[in-house]
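Throughout, read-outs are computed from the coordinates displayed, never taken from laboratory work. A quick note: this is a predicted structure, and the numbers were derived from the prediction, not measured. Cβ sites come from the backbone with ideal geometry, for glycine too, and all protein chains shown count toward neighbours.
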Amino acid sequence: MVDFLSGYCAGQVISFPKDERYQLTRKELEAWDMYTGDNVDQIARHFKMTPRGMRKLLRRISDRIKTQRLAIAAPGQLDMLGQTRPELESR
């Protein structure tokens, strides 16, 4: 892959934007993995948060995951090399 990219993009400056809004922290991923739908109080105690604060955090995590999935499933989405993704075109 590196050889291909170095030949394909030779001499070009490529920037990969860092959009922190879509990145989930380890704490958020751990909380999401622990979440079963009816254990908000238990997770809140584990992270030393209030149940209300944990519900807000889980809602934000859910929204981010939905946004990521929508972006991935966008019609005509191109892959890293500018090719269309056929598995997404059929949806």
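For the reader, a short list of remarks on this structure follows.
- Ordering I72, I43 by the number of other Cβ atoms within 10 Å of each residue's own Cβ, fewest first, gives I72, I43.
- Take the Cα of A10, step 7 Å toward its Cβ, do the same at S62, and the gap between the two points is 5.2 nm.
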